[in-house]
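First up is the structure itself, then whatever we jot down about it.
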Amino acid sequence: QGWLSAWGANPDAEGNARPLLSGNDSSNGMIDFAGSGVVHLVGGFSGLMGAITVGPRRHRFGEDGRPNPVPGHNTTMMALGTIILWFGWYGFNC
């Protein structure tokens, strides 16, 4: 029941912990700014399900268990992807 505990963040006048969500005025309440809790919950769950569905990369390790070398990447496409993500992030947040 520390000062940052969701179940007792602001004690009442007698020092007793107040519940986070009790449905009345004695509750500490909860603010989900712009739905960020739902957004991150759905995104995290979707990412987990995608990783489970796709599974590990094939041919990542050789027969002896040592990692295979990864071929070089296309720097131009990396830069283009970075610019697209940067542009979208600014469009969303500004």
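The values are calculated or read from the model by the stated rules, or taken from the named source; none is laboratory data. The structure presented is a predicted model; accordingly, all values stated were derived computationally and were not measured. FYI the Cβ positions are ideal-geometry reconstructions off the backbone, even for glycines, and counts take in every protein chain you see. Each accessible area value is taken on the protein alone, full model and side chains, heavy atoms only, with ligands, DNA and RNA left out. Shrake-Rupley method; radii C 1.70, N 1.55, O 1.52, S 1.80 Å.
For this structure, a couple of remarks:
- Surface calculation, 1.4 Å probe, protein heavy atoms: His40 sits at approximately 130 Å² accessible.
- Heavy-atom SASA rank of Asp64, Asp12 (probe 1.4 Å, accessible area, largest first): Asp64, Asp12
- Here the label points at Ser36 and Val70, each 7 Å from Cα along the C-beta direction, are separated by 3.0 nm in the simple model.
- When the Cα gyration tensor is reduced to axis lengths a ≥ b ≥ c, the ratio a/c is 1.5 or higher for region 47-94, and with a/b not above b/c it is classed as oblate.
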